[in-house]
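Structure record follows, encoded as structure tokens.
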Amino acid sequence: MSDTDAPRSQPPQDDELRPTGRRNARLGQTVWDMVRSLALVLLAVAVVLLLTWRPQPEAVKVVDPTPVLVQARIEAPYPVLYPADLDAAWRPTSARWAVTEASDPDPAWHVGFVTPADTYAQIGQSASESESYIAQQTGGGEVVSVGGEWQRYEGPGARGDIERSLVRVVGGVTVVVGGTASWEELQFLADRLSSEALPG
């Protein structure tokens with residue numbers, strides 16, 4: 001076979017892909033541009049979420065104070081009070097009948113509410129006439145008004161709010177209606193206290 005008969009390699013056509021062994025610089029730039037663009041989009045979304053996020057208030061956990069109130073009325077040597085004719089906007093969140101450090105040795109009745117204005121109000125009652133019990137119930141408040149059935153106390157609350165309290169001592173029994181609620185809401189509770197009223 002002559003040299004002219006040997007198979008010859010065909011010259012590559014213009015439209016054929018030919019590996020060159022070199023990295024495609026434009027491909028690398030394209031991938032980097034995509035990553036950078038995605039990062040910018042995610043950053044913008046995070047900024048929008050941060051600016052529009054609002055903490056959700058905790059749901060009010062309502063309790064039924066009836067069993068504790070009934071027990072207190074059975075055991076207490078005095079009429080245990082509860083506000084009559086409260087609507088559903090007054091949400092009871094706590095109820096206790098127990099000896100406290102401030103009321104010792106006497107047990108104390110306590111019921112707490114979230115008010116219609118979403119503030120806090122509580123009723124405390126005990127046979128204790130000690131200054132420590134009143135100080136505990138009023139948050140260490142001081143008398144700001146004397147006269148009438150109730151004395152008004154006012155002091156700094158635990159969370160920086162003003163704590164207001166209506167206090168009366170009758171027949172050796174101390175009753176405190178207090179909290180961060182307004183004077184109007186506290187007086188509303190105080191005016192409805194009854195030895196026969198039941199929750200609900």
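All of the numbers you see were taken from the coordinates with simple rules; none came from a lab. Because the structure is predicted, anything quoted here is derived from the model rather than measured. Cβ coordinates were reconstructed from backbone atoms using ideal geometry, including for glycine residues, and neighbour counts include every protein chain displayed.
Hey, among the residues in region 108-145 that are in a helix (DSSP H, G or I) and in contact (Cβ under 8 Å) with a residue 40 or more places away in the chain, which one's surrounded by the most Cβ atoms within 10 Å (Cβ to Cβ)?
Here the answer is 137.
Tell me which residues, restricted to region 76-107, are outside any loop (DSSP other than H, G, I, E, B), hydroxyl-bearing (Ser, Thr, Tyr) and surrounded by fewer than 19 Cβ atoms within 10 Å (Cβ to Cβ).
Within region 76-107, 93, 94 meet the criteria.
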